[in-house]
Amino acid sequence: MRESNNNNNSVIQGQHEGGSSAAALQAGRPEPDALINSIAIIRAFTAKVVAGVGFLALTWSTVVLLGGFVSALPIKEFCH
């Protein structure tokens, strides 16, 4: 009877120490904190890339539109 109580106590203590169970660590799964951190880093990087591409697209389209508009203006618009 004592052996079963000791085994149950060690299993319960193992699950509560360090925030993760020993079985999950042995199975090769990442810890929940590491998984959350990697997801946050990926989302932040993706957001920066999307914002950069958006800025470049806006800049390029502005240059193309204004460049076409300026070339269509007659020279006398600039003289007066």
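So how many residues does region 19-33 have that are part of a loop (DSSP other than H, G, I, E, B) and modelled with pLDDT of 65 or more?
The qualifying residues number 5.
Restricting to region 34-80, what's the tally of residues that are in a loop (DSSP other than H, G, I, E, B) and either surrounded by 10 or more Cβ atoms within 10 Å (Cβ to Cβ) or not β-branched (Val, Ile, Thr) (or both)? Full working, then the answer.
First, pick out the residues of region 34-80 that are in a loop (DSSP other than H, G, I, E, B): 73-75, 80.
Adding the requirement that they be either surrounded by 10 or more Cβ atoms within 10 Å (Cβ to Cβ) or not β-branched (Val, Ile, Thr) (or both) leaves 73-74, 80.
Selection size over region 34-80: 3.
The values are calculated or read from the model by the stated rules, or taken from the named source; none is laboratory data. Since this is a predicted model, take the numbers as computed values, not measurements. Quick reminder, even Gly has a Cβ in these numbers, built from the backbone with ideal geometry, and neighbours come from all protein chains shown.
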